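The values are calculated or read from the model by the stated rules, or taken from the named source; none is laboratory data. None of these values were measured; they are calculated from a predicted model. Heads up, the Cβs are rebuilt from the backbone with ideal geometry, glycines too, and the neighbour counts pull from every protein chain shown.
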Amino acid sequence: MPMTQTPIDAEASAATNEGRRPTVAAPASASPELTARPHRRIFTAQDKLRILADTDRAADTGGIAAILRREGLYSSALTDWRRQRAAGAFGALTPVKRGPKAAEPHPLTTEVAALQKDNARLTLRLGACRGHHRNPKKSCGAAGHPAGPQRRRALTDAVAGLAPHSGLMAAACAALGVSRASVQRRRTRLAAPAALLRPRPRPARALSKAQQQAVLDLLHAPRFADQAPAEIYACLLDEGVYHCSIRTMYRLLGQNGEVRERRAQLRHPAYQKPELLAERPNEVWSWDITKLMGPTKWSYFYLYVILDIFSRRVVGWCVADAESAAFFRPLFDDAIAKHNVPPGQLTLHADRGGPMKARATALLLADIGVTRSHNRPHTSNDNPFSESHFKTLKYQPRFPQRFGCIEDARSFCRQFFDWYNQEHHHAGIGLMTPDQVHYGQADAVHAARQQTLALAFQANPERFVNKPPTPPDKPTAAWINPPTPNSRA
């Protein structure tokens, strides 16, 4: 439909402006005589004692209420202060600064500082000695003093041997550069009794070598060769024989490497997640089959739809009375011929239904040079474009609950797909129609929309607050399962 602009008269504009919330002016600069921020009144110990003395003197004259009003207090505050004064808690009347309390100086702080200073001086001398080319690269410590890890170990042992005096270990560790945690671990090891390495004794309840061999021979017997240990255990109990538990049988078999999965059960492979990219039409097509309810219960018609994931255009469809790969072959051949797709360019994606995995479908795609791609089992998100298209189809207001016959279904689908390809503005492709994107009209449509929005901005720039308007972005790429950073790694 053509766009029309409705003129707005002055009275309506004035009414609209009057109905808006008025703009609040910025506050004037604060007076320099006022405080920068509000604060609470603080009553010091002298203030509290003064007020208490005034109330004591005014008790007989009845002037306590006047004092409370003058000082801005409640009688409960006077009651608390009197209780504290009677208890002699004058220190409680003194305001205490909030926050962490300052730690009292340790008596060994001066000594530790002196040791740290000496340690830094010796470290500088050691570095100068090692850096000079005429001096030997030896430690400045005492003769025979170990270096490196041995030196740290010797310092740790020396500190661990000190008397457990309060603050002495911390001062020594700070002066020598030794970790207090290492000293604590060393003290714990020295205080613990020495561990004796003993060989693990053989349990008294364990089977002897002869008994273990007898159980293995029984498990290897021809009549039990194909039986599980639980089955063998039950058979032996029915015969009045007991050798060992089921777990012991498994343990003996495991020691000999005889515990394996022997059942011929299906092992599902790790299916790779399909990652398909389409940057222009006729690169990736997606197809699927959905049911349309027929005139009676348990009667259906089958709708085959082939969709281009880049342009969202339905490139082929048909309605049949059965789900078979035989109906797909002429539909796909007609779509390939109609869109002139060269061999080796197209990838056809589908789920793992019967017609999709059929041998006839695989041979058809191999003959015309089309790459196959399939969903992972029970993962409908791997085929999002076909699933979304079927929802658009079946949520149309005119979509009937049942179709009277197959021709009725074909007539409805013909009208729907004409509307979908030519008139439906798809949100996934910048609100363009599938035909506009499929046949290369996206750039012209986007430029025309930008010109229209530019004229609207020139006419009413105040209506666009943040920036000039722009139309929705043109489609540049369509992904099925775009790669994530984890999958790339």
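One table, with the values for the structure above:
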{"quantity": "Filter pass, residue 252 being over 30 Å from residue 421 (Cα atoms), surrounded by 14 or more Cβ atoms within 10 Å (Cβ to Cβ), modelled with pLDDT of 90 or more and of a type in the set (A, V, I, L, M, F, W, C)", "calculated": "yes"}
{"quantity": "Selection count, region 311-338, where residues are of a type in the set (Lys, Arg) and in contact with a Gly (Cβ under 7 Å, 6 or more places away or on another chain)", "calculated": "1"}
{"quantity": "Helices (runs of 4 or more DSSP H) lying entirely in region 415-489 (those with 1 or more residues that are surrounded by fewer than 14 Cβ atoms within 10 Å (Cβ to Cβ) and touching a residue at least 24 places away in the same chain (Cβ under 8 Å))", "calculated": "442-459, 485-488"}
{"quantity": "Any chance residue 288 is of a type in the set (Asp, Glu), without any contact (Cβ under 8 Å) to a residue 60 or more places away in the chain and within 24 Å of residue 278 (Cα to Cα)", "calculated": "no"}
{"quantity": "Set 93, 126: member being touching a Lys or Arg at 6+ places or on another chain (Cβ under 7 Å) and at pLDDT below 75", "calculated": "93"}
{"quantity": "Among the residues listed as 314, 319, the single one being under 28 Å from residue 431 (Cα atoms) and among the hydrophobic types (A, V, I, L, M, F, W, C)", "calculated": "314"}
{"quantity": "Counted residues, region 329-384 - those being within 40 Å of the chain's Cα centre (by Cα), outside any helix (DSSP H, G or I) and on the phi < 0 side of the Ramachandran plot", "calculated": "20"}
{"quantity": "Checking residue 317 against (1) modelled with pLDDT of 95 or more; (2) crowded, with 21+ Cβ neighbours inside 10 Å; (3) under 27 Å from residue 400 (Cα atoms), the condition it does not meet", "calculated": "(2)"}
{"quantity": "Options 397, 384, 343; residue that is without any contact (Cβ under 8 Å) to a residue 24 or more places away in the chain and either farther than 24 Å from residue 434 by Cα or of a type outside the set (Ser, Thr, Tyr) (or both)", "calculated": "397"}
